[in-house]
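J.: Can you keep this structure in mind? I'll have questions shortly.
The values are calculated or read from the model by the stated rules, or taken from the named source; none is laboratory data. Keep in mind that what you see is a predicted model, and the values were worked out from it rather than measured. Here the Cβ positions follow ideal geometry from the backbone for every residue, glycine too, while neighbour counts run over all protein chains shown.
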Amino acid sequence: MIDKMDIKKENIKMKVTPEQSKQVQEICFELGISWDFGGNTLRVYEKLHYLYIINEELDWGVYGPYFEVVEAMEVSAEDFIRTKGFTISEEQEEPKPKALNNFNDYGFEADFEGEILKELTDHNGKKYFIGYNNSNNLLQAKTWTEDGKCWVGKLHDITYDLKPLKKLLKQVLLIKEDNEYELGYIACSIVRETEDDLKPYFENGWTYANLDEVSKLIKHKEDIKGEIDG
């Protein structure tokens, strides 16, 4: 691993994924390094596999053979990101602050700053969301589909895709009155993700089991087991 290094004096090149490319560009802009063609607008494309910092300017590429012959030190994108462009040593690394956004409230997560402003429904009954992202204090309007994909007009902007949160499965115990059984009710254990998953049960007479009912069920089960073992 390379420790600290002045990337304004040392020409470097690196292979990147789209997500790494986004992070490397953001670090370069913070360090005052702009594109060789001018500006500091994020440019993230699926086929953009290589980034270069040559003579204090940022450049990108898609061709492997060109990457191999460019006279620059090859570095790891992971190291570049972790050390903020080799400006801090491994001992100085700080935890990355959590991005300011409200995406969790809508079932998504992302590591960039932004906000979903409204949830809407299209003419096909599918949900979509409108909001914005904040890039270097520049607010950019965004639209996300219900699967988290970001669209700007008819273009899919993978830079600002949202990741659906993993749903937590919870187990609950439900009971339903039934006088044919000794306890006067039957029980079932349900694994569910949301409260909506239980609506069909509630509509058919099922309710949550309380502590006393759970205790009776446990004792009843133990009594039956004792009779069988005996």
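J.: Can you pull out the strands (runs of 3 or more DSSP E) entirely within region 19-124 that have at least 3 residues that are surrounded by 12 or more Cβ atoms within 10 Å (Cβ to Cβ), in contact with a Gly (Cβ under 6 Å, 6 or more places away or on another chain) and at pLDDT 90 or above? Explain how you work it out, then say what you get.
T.: Numbers: elements: 50-54, 57-61, 114-121.
Correct list: 114-121.
J.: Now for a separate question. Which number in (1) touching a residue at least 60 places away in the same chain (Cβ under 8 Å); (2) in contact with a Pro (Cβ under 8 Å, 6 or more places away or on another chain) marks the one condition that residue 48 misses?
T.: Evaluating residue 48 over (1) touching a residue at least 60 places away in the same chain (Cβ under 8 Å); (2) in contact with a Pro (Cβ under 8 Å, 6 or more places away or on another chain) leaves (1) as the failure.
J.: Another question, if that's okay. Quick one: is residue 175 modelled with pLDDT under 80, in contact with a helix residue (DSSP H, G or I) (Cβ under 9 Å, 6 or more places away or on another chain) and not in a loop (DSSP other than H, G, I, E, B)? Write out each step before concluding.
T.: Working: modelled with pLDDT under 80: yes; in contact with a helix residue (DSSP H, G or I) (Cβ under 9 Å, 6 or more places away or on another chain): yes; not in a loop (DSSP other than H, G, I, E, B): yes.
Spelling it out, residue 175 is indeed modelled with pLDDT under 80, in contact with a helix residue (DSSP H, G or I) (Cβ under 9 Å, 6 or more places away or on another chain) and not in a loop (DSSP other than H, G, I, E, B).
J.: Under 9 Å by Cβ, and 6 or more places apart or on different chains, what pairs join a residue from region 196-213 that is farther than 14 Å from residue 173 by Cβ with one that is surrounded by fewer than 11 Cβ atoms within 10 Å (Cβ to Cβ)?
T.: Here the result reads 197/191, each pair linking region 196-213 to a residue that is surrounded by fewer than 11 Cβ atoms within 10 Å (Cβ to Cβ).
J.: Looking at region 35-83, which of its residues are under 17 Å from residue 20 (Cα atoms) and polar (S, T, N, Q)?
T.: 40, 41, 76, 83
J.: Please verify whether residue 207 is modelled with pLDDT of 75 or more and of a type outside the set (Phe, Trp, Tyr), treating the condition exactly as stated. Break it down stepwise before answering.
T.: Details: modelled with pLDDT of 75 or more: yes; of a type outside the set (Phe, Trp, Tyr): yes.
Judged against the criteria, residue 207 is a match.
J.: Just name the residue that is farthest from residue 17 (Cα to Cα) out of those in region 159-171 that are modelled with pLDDT of 70 or more and part of a strand (DSSP E or B). First the steps, then the outcome.
T.: So the first thing to find is which residues in region 159-171 are modelled with pLDDT of 70 or more, and the list is 159-165.
Next cut, part of a strand (DSSP E or B) only: 163-164.
Details: 163: 17, 164: 20 Å.
Looking at residues that are modelled with pLDDT of 70 or more and part of a strand (DSSP E or B), I get 164.
J.: Give the residues of region 11-28 that are among the hydrophobic types (A, V, I, L, M, F, W, C) and farther than 18 Å from residue 41 by Cα, sorted by residue number. Spell out the reasoning first.
T.: Step one: filter region 11-28 for residues among the hydrophobic types (A, V, I, L, M, F, W, C), giving 12, 14, 16, 24, 27-28.
The answer is 12, 14.
J.: So, of the residues in region 125-153 that are outside any loop (DSSP other than H, G, I, E, B) and among the small types (Gly, Ala, Ser), which turns out to be modelled with the highest pLDDT? Can you show your working first?
T.: At the first step, the residues of region 125-153 found to be outside any loop (DSSP other than H, G, I, E, B) are 127-135, 138-145, 150-152.
Checking the rest, the ones that are also among the small types (Gly, Ala, Ser) come to 131, 135, 141.
On the way: 131: 94, 135: 83, 141: 91.
Restricting to residues being outside any loop (DSSP other than H, G, I, E, B) and among the small types (Gly, Ala, Ser), the top hit is 131.
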